[in-house]
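Peer 1: Once you've had a glance at the structure underneath, I'll fire off some questions.
The values are calculated or read from the model by the stated rules, or taken from the named source; none is laboratory data. Computed from a prediction, not measured in an experiment: that's the story for all the values here. Cβ placement follows ideal geometry from the backbone for every residue including glycine, while neighbour counts extend to all protein chains displayed. Side chains are part of the model used for accessible areas, which takes the heavy atoms of the whole protein and leaves out ligands, DNA and RNA. Shrake-Rupley method; radii C 1.70, N 1.55, O 1.52, S 1.80 Å.
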Amino acid sequence: MAATASPSQSEFPYSLAISIPLPNQRLALSALQTLDVDPELSASVRRTLTLTSPVPETATEPQEKKQKQDPNSDESKTVLQVNYYATTNRMLRVAVNGFMESLGVILGVMAELDVDVLQAELEG
């Protein structure tokens, strides 16, 4: 997966971090693997994709739910974390715009074709 060290700030002064929460780890991993296939076309842009656990809401979550979810387990990693680094703000905007288009297609396919997502909609 595309987890690499962050580029230097002097070389890539513009950056953006995007966190995309997904319903479960399987969908998050599918999105990561799908997006990771296409590298950035410009040498002026770097991107990292990783899966992370959601930040716990300390006061609002019940104690039993906190204890069930181990933040280090793979199953708790349901957030697709995307970090962009670019040499200019224009290159950052263009790269993120293309990423959002691809993400929209992936999420649309998941919503239309994934059994778990459809089941959740029917029950909810």
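Peer 1: Looking at P56 and the list (1) open to solvent by 70 Å² or more (accessible area, probe 1.4 Å); (2) at pLDDT 90 or above; (3) under 30 Å from E112 (Cα atoms), which single condition is not satisfied?
Peer 2: Every condition holds for P56 apart from (2).
Peer 1: I'd like to verify a number: residues in region 25-52 that are over 10 Å from the mean Cα position of the chain (by Cα) and either surrounded by 15 or more Cβ atoms within 10 Å (Cβ to Cβ) or not in a loop (DSSP other than H, G, I, E, B) (or both), how many?
Peer 2: Summing the residues that are over 10 Å from the mean Cα position of the chain (by Cα) and either surrounded by 15 or more Cβ atoms within 10 Å (Cβ to Cβ) or not in a loop (DSSP other than H, G, I, E, B) (or both) in region 25-52 gives 12.
Peer 1: Could you grab me the full set of residues in region 48-60 that are in contact with a helix residue (DSSP H, G or I) (Cβ under 7 Å, 6 or more places away or on another chain) and closer than 19 Å to N97 by Cβ?
Peer 2: L49
Peer 1: Could you list, in sequence order, the residues of region 6-24 that are more than 19 Å from V55 (Cβ to Cβ), open to solvent by 70 Å² or more (accessible area, probe 1.4 Å) and either in contact with an Asp or Glu (Cβ under 7 Å, 6 or more places away or on another chain) or in contact (Cβ under 8 Å) with a residue 40 or more places away in the chain (or both)?
Peer 2: S6, E11, Y14, S15
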